[in-house]
1. Normalising by the residue count of segment 383-481, find the relative contact order in percent from Cα pairs under 8 Å and 6+ residues apart.
2. Stretched out fully, how many nm does the piece from residue 286 to residue 678 gain, at 0.36 nm a residue minus the Cα gap?
3. Through the Karplus equation 6.51 cos²θ - 1.76 cosθ + 1.60, θ set to phi - 60°, convert the phi angles of segment 650-661 into ³J(HN,Hα) values in whole Hz; use x for Gly and Pro.
4. Between residue 451 and residue 507, what length comes free when the chain is fully extended (0.36 nm per residue of separation minus the Cα-Cα distance, one decimal in nm)?
5. When Lys and Arg each count +1 and Asp and Glu each count -1, what net charge do the other residues less than 11 Å away from residue 207, Cβ to Cβ, add up to?
6. Note down the net charge around residue 588, summing +1 for each Lys or Arg and -1 for each Asp or Glu among other residues with Cβ under 9 Å from its Cβ.
7. Select from segment 649-755 those GluC sites (Glu not before Pro) which occupy a DSSP coil region and have at most 11 other Cβ atoms within 10 Å, ordered by residue number.
8. Which order results if 97, 133 are arranged by neighbouring Cβ count within 10 Å, fewest first?
Amino acid sequence: MSITQNNTHELFRGYVGRTYKDSTPWWPEPETPDEDSPNVLVILFDDMGFGSLGCFGSEIDTSNIDALAQGGLRYNNFHTTALCSPTRASLLTGRDHHAVGMSIIANADSGFPSKRGAIRPNAGTLAEMLASHGYNSYAVGKWHLAPVDQTSAVGPFDQWPLGRGFSKYYGFLEALSDQFRPALVRDNQHVSPPCTPEEGYTLNADLVDNACQFLTDHVSLAPKKPFFMYFAPGAMHSPHQAPQEFLDKYKGRFDEGWDKIREQRLARQIEMGIVPEGTGLVPRNDGVEAWDSLSDDQKRLYCKFEEAYAAFLDHTDKEIGRLLAHLEKLGKKDNTMIFLLSDNGASQEGQTHGSTSTTFYENMDAENFDFNLERIDNIGTMRAKNNYPIGWAQVENTPLRRYKQNTHAGGVQDPMIVSWPRGIGEKGGVRNQFHHVMDIVPTILEAIGTEAPSMIRGVPQMNIHGTSMLYSFNDKDQPTHKRTQVFEMFGHRAIWHDGWKAVAYHKRYSDYDDDQWELYNVAEDFAEQHDLADKEPERLRKMIEMWWAEAGRYDILPLDDRGFAERRAMARPRTDSPRIQQEYVFYPGMSPIPGGAAPFIMDRSYQIQARVRIPQGSEGVILACGGLCGGYSLYVQDGKIVHDYNFYEEMFRAAAPVPEGGDWIDVLYRFEKTGICEGIGHLSLNGQEVSTVSIPKTYRYFMEWEGLSLGKDDGSPVSPAYADRGGFAFEGEIDHVRITLGNDIAGPHDYESQD
């Protein structure tokens, strides 16, 4: 036998002669996992607070998840990063989210190493790590780890699931999704839902269908290979939407109000052993009013929001139950490590009165009670994008303080369930060791019996930052192996060390030196009730110093308290980003463009030029961007060419009759910016202006999470004029549509006089 290597062959341990008869073949041994290597299923919820699940004290029906907990373990001292993309980055890499480049969500590159909005190549994902151990990896559901301006049909795809080690993907790339009309991706291709809402479509069921298909194919065709499945439904992020039967189930169930419900949840948590005896409720968070002080209309509206949340969670539990049952049917449940958790605490983004539109919060505008009350019957359905008020968010975080985005416990202390029948002896147990989402990767690697690779695709890898929690699976009394954990989000800061926690709430745009640090002995004070800062000043001083040291270690600085949309609007896109183009030409058959990759028209002049042919009686959407909460649409209906600008569901319309003759028509809609967030819309046909509309207020940073589509209105309808017409596909002919952006886009200082 000879060993040869040249420019055309890999290392070869056979012998190559002149013909096969005098040659010796050799086959490299494939990487084969151990026969008992566990499968891995991670189920990641979104915005689900500590007290939302039945097995964590809630009255909401989560029977399938409760059964999973009854057969495994519940962790009551488990922590995340306070926000979705950062938690996902830590979960998949086993490292601090700042260190891997994901300080907040994947919507902007702020120009600093920790704020790239993408996971660095030297921080490999679990899917990339397990590939060399013979695992197939599948991702289903929410991704939100690719910069949004890289999510169109032309990528780049290096930060999409397949670019980060997964074999297959089905789900949505953005932060949230309409549950009835999602923008879906299969592998690297944008696709349409398999059926309509009228035909019974829900995203939850669709995701589970695809997850089951992936598992069926895997077990049928590669039964000896282990798998890793990352299943991330859109629940419980807004919009909270569910089938009508689930909405009906919860009517009247929350009429006692948030104060009583919170008390009842805490009582159940103590009875279950999820929180220690003697734990009390922290005072209501700032802005949460006593339930008994509310008007009848407030109570009626606020209950409707919570009913929708409960219905959405119940429906998600039902579908997860179907996934778990399928895993058992395939004979794989006993040797599958299942982690079920939330990415952060309950959301404060519904603000005081709740919201029927995602657009208010993203534009830093106050929600509107009367606006919501007018739409009360739409809450939970496809006709609203609702999120509950902060009073209910505090209930979902029972008994903890504050919310998602904050580094107090309500933002970072979340429910976590682990099930592994073959590896965990105790059933229904509770674990109270302190752990963090970055600890899941080293736990899985230890269970498999391997370490993280030092090199992936030729790139040297940074060290794993997490601490394995495998020791806790079968030893409830062993002290935590973790010593220190740092937190930072939007300038909110915290550090945990040996059972103590120092935490500072930061008011946006205020001086960081004015932040008031608090100190809690969380080993004895579960809900962070008793601030010991005045009693233990020296301990607090040392912990603050430790925070700064950890901030340097994990690349946390510089501190940045700007919001989601503000950072996105002010960031410089990559040179290959479609967002920096001044002109776009779209042709029929083009795939939909996600909102973050669509032409950025906010607070600037722009024009839409379409060359179309409209046979008599033809109707439909020529171009639409956005959805029912905000956007614009150019369409033909009732013999007119119409442009609607949807500002918080108020329509600003320019319209004119379709020219007769059926010839090609040049349609031009030109928005002329006349001031900060205001302007005039001009509609011209064949070079002649035919309609104008004054638009006194336009969106500043954000229009809708839904994107742009040509020849129909994908997703929820931008205009109510065709809300009952499905996608309202254009029946005429489109030659092309050209969008040209003006140079008068607002800068950060233009808004200072208005803020």
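1. 21 percent
2. The residue 286-residue 678 span can extend by a further 137.8 nm.
3. Values per residue, Gly and Pro as x: 9, 9, 10, 10, 10, 8, 7, x, 5, x, 6, x Hz.
4. Extending this stretch completely gives an extra 16.0 nm.
5. Surrounding charge for residue 207 is -1.
6. Neighbour charge sum, excluding residue 588 itself: -2.
7. 660, 752
8. Details: 97 33, 133 18.
Arranged by neighbour count, lowest to highest, 97, 133 become 133, 97.
FYI, it's all coordinate maths here, none of it is from the lab. It should be emphasised that the depicted structure is a prediction, and the values quoted were computed from it without experimental measurement. Reconstructed Cβ throughout: ideal geometry from the backbone, glycine too, with neighbour counts over all protein chains shown.
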